[in-house]
Structures are given as structure tokens and as C-alpha cells.
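A quick write-up on the structure given underneath.
The values are calculated or read from the model by the stated rules, or taken from the named source; none is laboratory data. The shown structure was predicted, so the numbers you read here are calculated from the model rather than taken from an experiment. Please note: Cβ atoms are built from the backbone with ideal geometry, for glycine as well, and neighbour counts cover all protein chains shown.
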Ligand code: GLY
Ligand code: MN
Ligand code: MN
């Protein structure tokens with residue numbers, strides 16, 4: 001096994017200037033975004049927009065939003081805490097146990113927070129407390145245990161409760177019990193209150209990205225591009241998928257990503273055909289393609305980028321033929337991400353190119369039109385090719401009624417300000433029936449992050465090369481760098 005010279009891996013991980021041809025792409029160290037967050041104003045505006053909707057429901061409306069509960073891991077461990085995206089969107093609060101109460105009659109924002117606790121804070125750092133809650137924009141702040149009373153009184157008083165709670169089942173039951181008391185059955189029932197699911201309301205608010213959100217997504221994308229470049233540059237020397245994943249993960253962390261946008265998928269050869277390949281720890285066979293679907297998160301905003309490149313820096317004839325079909329399909333899909341076009345049109349366009357390409361290569365038989373209608377391509381491309389992206393990688397929002405064409409596509413017309421991925425692929429795992437051996441063990445996906453604008457699609461990750469020759473040059477450049 002070859003070893004990575006330390007100085008050279010730093011060059012690739014940190015994107016430092018180098019004398020290689022790649023130096024031209026990274027003339028200076030990439031920007032880092034440690035601790036970057038959107039300003040209070042953003043969250044206040046979101047609350048105001050939600051309050052206006054709540055007020056329109058009638059007097060006595062109370063919005064109740066709950067933070068993500070902490071997740072145990074093993075023993076007395078906990079998984080890294082990451083705030084629920086709806087709650088974050090409305091509050092900017094990153095702590096657990098927090099509850100936001102928005103009184104639509106008064107237009108006030110009360111934040112319930114965990115109590116300061118010097119002993120616990122020795123372990124986990126400072127909590128917001130009352131002062132911190134006010135600094136986050138709360139008109140009133142209450143700590144537990146007093147907060148329990150504040151919550152139950154607010155629920156008692158309300159005529160209508162709009163609940164935004166994605167994950168805390170116990171909390172939901174508590175609210176339900178307050179709104180619809182148990183035992184109030186049949187003719188005795190006297191339900192004076194009503195409960196409204198606030199989640200679809202906030203989901204819809206999140207569909208059109210505000211300019212500051214696009215900026216944050218761009219930063220997550222930028223950091224992730226550096227991660228992909230680091231992984232590609234190291235590839236000529238990597239012998240295990242874990243090294244590929246580590247190059248991206250180390251780089252995005254170095255650039256300010258506390259969280260990954262999702263678990264890194266780094267699959268070589270046939271592993272690239274496992275859509276959400278979970279382990280990324282297998283040896284890389286010489287000559288195989290590496291499919292990496294990976295990104296970091298900056299200030300709670302995600303990215304979602306996939307590149308597929310030859311481990312040794314040269315595509316085989318079969319790999320290249322399939323790669324070029326996927327690239328063409330991606331371009332066709334991107335061109336459909338325009339205001340007014342139904343979401344499903346991009347799926348249709350990408351799938352058509354994949355289908356035609358597979359017919360041309362002899363992997364699907366018969367006439368192109370008939371083959372497309374038969375849907376044989378679905379065996380090679382078994383997933384949807386576009387989803388919203390934002391605070392969540394599969395971001396909130398409806399795609400409209402499902403397109404009869406594909407269950408992952410909808411009929412909703414796209415609009416400026418939406419951010420969507422475009423990610424077609426072709427997957428031919430080892431042992432796939434009815435396919436010659438020379439095509440097997442090839443998994444390809446190309447994925448970029450696209451902003452829908454009035455001027456057409458804007459590819460936020462366009463800086464990361466996609467053309468086969470460019471990817472080869474990067475991998476080979478990486479090899480040269482290390483000599
Ligand atoms: N990385 C998950 C996806 O591409 O949807
Ligand atoms: Mn995706
Ligand atoms: Mn992806």
C-alpha cells in the first residue's frame with residue numbers, strides 16, 4: 001500500500017495553492033465558514049409570516065413549536081445534537097427542550113428554555129437561559145420547571161393550537177391531551193379547542209428560498225466542492241473507500257461544516273450501485289469507478305453533490321460511454337428546472353436521455369420510443385432525479401400530485417427561488433441479469449444543486465467539473481502532485 005506524504009495531503013485537503021495544473025482551480029485557500037449563522041432578523045421575519053397566517057385562522061390561535069429531542073446513541077452517549085429544521089427556521093435556537101409559543105392575538109413570542117445548570121454546563125457548554133432567549137428575539141423567556149406552567153396555561157387559554165412538532169411524540173401527546181382532554185367522549189364531549197397541524201404550513205414557507213438562504217446553501221456547496229476535489233485528488237493513491245470519504249469529510253469540517261448534510265456515500269465499482277450505500281469501507285479495485293455522494297452543512301444549510309470518477313484517472317470504454325449518457329441526461333434535466341415547468345418534466349427529460357442512450361449502447365433493445373414507453377430504463381435508474389434542498393437535504397415542501405410517470409416526480413409548477421437537485425444515474429451491479437459482463441459493476445450518478453431563477457436554472461455547484469476529461473485530469477493531477 002502506498003502512503004500519503006503528509007505535506008501533499010495537506011495541499012489537497014486544504015486546497016492550498018500548488019504548482020500542478022489544478023492550482024489554477026484553487027488559486028487561494030478556500031473560504032471557511034466556522035460558526036456562520038443567519039441573523040436574528042431572518043428568524044423574526046419567518047415568525048412574523050407564520051403569525052400572520054395564524055392570526056388569519058381566527059382569535060385565540062396559539063402556535064406551539066417544539067425543538068428536536070436529544071437522541072441517545074449507546075451507553076450514556078448521545079448522538080450529536082442537531083436542531084429540527086422547522087424549529088430552527090422559526091427561532092434560530094440550537095438547544096434541545098426549547099418550545100416556542102406564538103400568540104397570534106398579541107403577536108408575542110415566548111421561548112421556553114432549559115434552566116441554566118452550572119454542573120451540566122461544565123460538560124456541554126453554556127445554555128441560552130433567560131438572557132440568551134431574549135437575545136434570540138423572545139419577548140418573554142421562561143425556564144423549566146416554571147415553563148411547564150407557562151405552557152399549560154397557554155394551552156388552556158388558546159382556542160386553536162397550531163402544532164409544529166416533527167419528532168417529539170411525548171410532547172405531542174401532552175399537547176393533544178390539553179386540547180382534547182381524555183375522557184371527554186360522546187355527547188359529553190365538549191371540545192372547545194381545535195388542533196391544526198402546522199407542519200405543512202411551515203413546509204410550504206420553506207419551499208421558496210430567501211436570498212440569504214441561497215447564500216448559505218452556496219456556502220455549503222462551496223465547502224462541499226472543495227471536499228470533492230480533495231477526494232478526487234487523493235484517489236490515485238486511495239485504496240479504500242474510507243479514505244475517499246475521509247478526504248471529503250475532513251475538508252468540509254476544516255471549512256466550517258459541523259455536520260454532514262447526510263451520511264457520506266463513497267462506493268467503488270458495484271458498491272456505487274447501492275443508492276444509499278451505508279458503509280463506505282471497502283477496498284477500491286483498480287480500474288473501478290468511485291461514486292461519491294457527499295456534502296457538508298454550513299450554518300444548518302445543506303448541499304447534495306455527487307461525482308463519479310475513475311479511481312486510476314482513466315475511464316474504460318464502457319465506463320465512459322455510460323458516463324456520457326448520464327451527463328447528457330443531467331443537462332437535459334437541469335434545462336427543465338425553470339419557472340412554470342412541472343417538477344416531473346425534469347424526470348421525464350433525464351429518463352428519456354438515459355433510455356435512448358441505453359438503446360444506443362445495446363443495453364435496452366428495440367425502438368427508442370417504445371423502449372422509453374415500456375420503461376426498461378427504470379431498471380437502470382430506479383430513483384427520482386430531483387428533490388428540494390435547503391435546511392434539510394430532502395427539503396420540506398410538496399411536489400404537487402404525483403406524476404403518473406414516476407412516483408418521485410410531481411406536477412407542481414416550479415418557481416423562482418426553489419432550490420432542487422438534479423441527479424440522474426445508471427446503475428449496473430455485478431450479476432445484473434441480461435447484461436453483458438463488461439458493463440457490470442458500474443454505478444454512475446452526477447448530482448448538482450440548482451437554483452430556479454427567472455433567467456433559467458443556475459447551477460450552484462457548477463464550479464466542480466463534470467466532464468469526463470476534467471475528472472480524469474483532476475485525478476491524474478492529484479497523482480502528479482504526490483510524486
Ligand atoms: N444524498 C441523498 C440524495 O442524493 O438524495
Ligand atoms: Mn439528492
Ligand atoms: Mn445525493
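A few points about this structure:
- The stretch 460-483, subset without any contact (Cβ under 8 Å) to a residue 12 or more places away in the chain and not in a loop (DSSP other than H, G, I, E, B), residue surrounded by the fewest Cβ atoms within 10 Å (Cβ to Cβ): 469
- Yes/no for residue 308 being assigned to a loop (DSSP other than H, G, I, E, B), in contact with a helix residue (DSSP H, G or I) (Cβ under 9 Å, 6 or more places away or on another chain) and in contact (Cβ under 8 Å) with a residue 40 or more places away in the chain: no
- Number of the exception - residue 247 against (1) free of Cβ contacts under 8 Å to residues at least 40 places away in the same chain; (2) crowded, with 24+ Cβ neighbours inside 10 Å; (3) more than 16 Å from ligand 2 (Cβ to nearest atom): (1)
- Close pairs (7 angstrom Cβ cut-off, 6 or more residues apart or separate chains): at pLDDT below 95 in the stretch 28-46, part of a loop (DSSP other than H, G, I, E, B) and surrounded by fewer than 16 Cβ atoms within 10 Å (Cβ to Cβ) anywhere: 28/17; 29/16
- Subset of the stretch 268-292 that is within 12 Å of ligand 3 (Cβ to nearest atom) and touching a helix residue (DSSP H, G or I) at 6+ places or on another chain (Cβ under 9 Å) - its residue that is farthest from residue 330 (Cα to Cα): 277
- Qualifying residue in the stretch 70-81 (condition: assigned to a loop (DSSP other than H, G, I, E, B), surrounded by 23 or more Cβ atoms within 10 Å (Cβ to Cβ) and touching a strand residue (DSSP E or B) at 6+ places or on another chain (Cβ under 9 Å)): no
- Any hit, the stretch 350-360, residues being closer than 30 Å to residue 237 by Cα, more than 16 Å from ligand 3 (Cβ to nearest atom), in contact with a helix residue (DSSP H, G or I) (Cβ under 7 Å, 6 or more places away or on another chain) and at pLDDT 95 or above: no
Okay, residues lined up against (1) in a loop (DSSP other than H, G, I, E, B); (2) within 16 Å of ligand 2 (Cβ to nearest atom):
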{"residue": "267", "(1), (2)": "no, yes"}
{"residue": "270", "(1), (2)": "no, no"}
{"residue": "279", "(1), (2)": "yes, no"}
{"residue": "286", "(1), (2)": "yes, no"}
{"residue": "293", "(1), (2)": "no, yes"}
{"residue": "297", "(1), (2)": "no, yes"}
{"residue": "323", "(1), (2)": "no, no"}
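- Candidates 365, 386, filtered to the one that is surrounded by 22 or more Cβ atoms within 10 Å (Cβ to Cβ), at pLDDT 95 or above and in a loop (DSSP other than H, G, I, E, B): 386
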